[in-house]
Amino acid sequence: MTQPRYTAANLIDFTASLFTAAGMPRDRAEVVGKYLVEGDLMGHDTHGMAQAPGYLNNLLEGKMPAAGEIDVISDKTVASVWDGQYLSGVWLTWKAVDEASRRAKEHGLAAISIRRSHHIACLAAFLEIATDQGLAVLLVCSDPSVKAVAPFGATEPLFTPNPIAFGYPTSGDPVLIDISASGTTMGLAMRAKGEGGRLPGEWLIGADGKATDDPEALFTDPPGAFLPLGGMDRGHKGFGLGLMAEALTSGLNGFGRSQAPTQWGASVYVQVIDPEAFGGREAFEHETGFLAEACRAARPIPGTTGARMPGDGALSRKRAALADGVLLHPSILPSLTPLAEKLGVALPEAQ
């Protein structure tokens, strides 16, 4: 049976309508809908609409405030700290990238660190806000309430996968980097567990100290953990990246694991750089474009299509989805159907 496809506009309206019906102001709900669906457009389907049920349940339970304002802890023009009050992390991150972009164009660069944000979904979804303006953007997050990844050389989970995203313009498509400091994401592992399957690689470590592809290893007593990026052999590299993420997020905003928060959320760091304030945008895009094309043209490994730049696949999938319709992961609409019925929101019509 052919799976249905949906227009991006219908999915955004559907998702925004769910959050509006749950009490969120419509303008914020539309931002949430846009950037959740953006994750699915790019093919990051564990961090797009798949996150909506958890967000909606937190919203209905009062764990994510439907409305409210950011508490600005400090503001030194190019460096600010916000307390997000556990408001929608998608809305907060959009607002932070947008504001940091505005300030970077005035001052050359700007950074905003957010504490007590709710979960922020797919980091790559926010990068084009800056790159479309000729700006480079660094986006990092962690969740101080969750322990999932073990330090290199240990089996005890202590921190989160700590995704790191960096986007920058070139003379062609932007480069959109989105990686985790761990071997895989929590979303992928939880999906594999829910489907009774295994991961594509041994990206976890059991409490016995052995690498495994079985997500059930995360739920033993004592529990196993995610391995840092690099695994059993080179995990010191992912461990280092994870520590960097913790310092940039919780460290800079002064709220993290030492406070032992229990609320699902995020500490977020956004930095935007305007190349025009350095060697100039034209020179920057010439240099980044030259290297991007050199990488794509590099002699390929026999039997493969060769190298591609980070973001090439995501942008290709996005263009195809916008032209031909979005093919959702089969688990997404069934997970949202009970909430849609509860909130009186009609399911989106297929194309």
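Coordinate-derived values only; no laboratory data. This structure is a prediction, so every number in the text was calculated from the model and none was measured. Please note: Cβ atoms are built from the backbone with ideal geometry, for glycine as well, and neighbour counts cover all protein chains shown.
Go through 247-253, 209-215 and give me the packing order, highest mean Cβ count within 10 Å leading.
Per-residue mean Cβ counts within 10 Å order the peptides as 247-253, 209-215.
If one computes P(r) from the Cα atoms of the range 1-158, what percent of pairs lie at distances over 21 Å? Mind showing how you got there, number by number?
Details: 6274 of 12403 pairs.
Distances greater than 21 Å cover 51 percent of the Cα pairs.
Report ³J(HN,Hα) in whole Hz for each residue of the range 17-33, in order, from the Karplus equation J = 6.51 cos²θ - 1.76 cosθ + 1.60 where θ = phi - 60°; Gly and Pro get x.
5, 4, 6, 5, 5, 7, x, 7, x, 4, 5, 6, 4, 5, 5, 4, x
Normalising by the residue count of the range 112-205, find the relative contact order in percent from Cα pairs under 8 Å and 6+ residues apart.
So the answer I get is 23 percent.
Note down the Stokes-Einstein diffusion coefficient of the range 155-278 in µm²/s, whole number, using a Kirkwood radius over alpha carbon pairs, 10 °C, and 1.306 mPa s.
98
Exposure proxy check: 143, 98 ranked by fewest other beta carbons within 10 Å?
98, 143
Based on DSSP, what percent of beta bridges with both residues in the chain are antiparallel, to the nearest 5? Don't skip to the answer; put the middle values down first.
Working: 34 of 40 bridges.
Rounded to the nearest five, the antiparallel share is 85 percent.
Based only on other Cβ atoms within 10 Å, what is the fewest-to-most ordering of 278, 226, 14, 152?
278, 152, 14, 226
Which cross-chain or sequence-distant (5 or more) residues have an amide H under 5 Å from the amide H of residue 182, H modelled 1.01 Å from N in plane?
The answer is 229.
Quick one: net charge around residue 266, please, counting Lys, Arg +1 and Asp, Glu -1 for every other residue with C-beta under 10 Å from its C-beta.
On the way: positive: 115, 116; negative: 143.
For residues surrounding residue 266, the net value is +1.
Size of the dipole of the range 193-350 about the Cα centre, Lys and Arg at +1 and Asp and Glu at -1 on the beta carbon, nothing else charged, in debye to 20? Write down the numbers at each step before the final one.
Details: 14 positive and 19 negative charges, 24 e Å.
Dipole about the Cα centre, nearest 20: 120 debye.
In terms of the Cα gyration tensor, with a ≥ b ≥ c the square roots of its eigenvalues, is the range 198-348 rounded because a/c is under 1.5, prolate because a/b exceeds b/c, or oblate?
rounded
Mean separation of Cα pairs under 8 Å and 6+ residues apart, divided by the residue count of the chain: what relative contact order is that in percent?
For the chain, the relative contact order is 23 percent.
Need the list of lysines near residue 193 for cross-linking: C-alpha distance under 30 angstrom, and skip anything on the same chain fewer than eight residues off.
Reachable lysines: 34, 63, 147, 210, 237, 318, 342.
Under a 5 Å amide H to amide H cut-off, with H placed in plane at 1.01 Å, what residues pair with residue 149 once short-range neighbours are removed?
158, 159, 160, 226
Return the equivalent ellipsoid semi-axes of the chain as a descending list in whole Å, where each equals the square root of 5 times an eigenvalue of the C-alpha gyration tensor.
Over the Cα atoms of the chain, the ellipsoid semi-axes are 27, 26, 24 Å.
Using alpha carbons only, how many angstrom separate the centre of the range 1-18 from the centre of the range 30-53?
11
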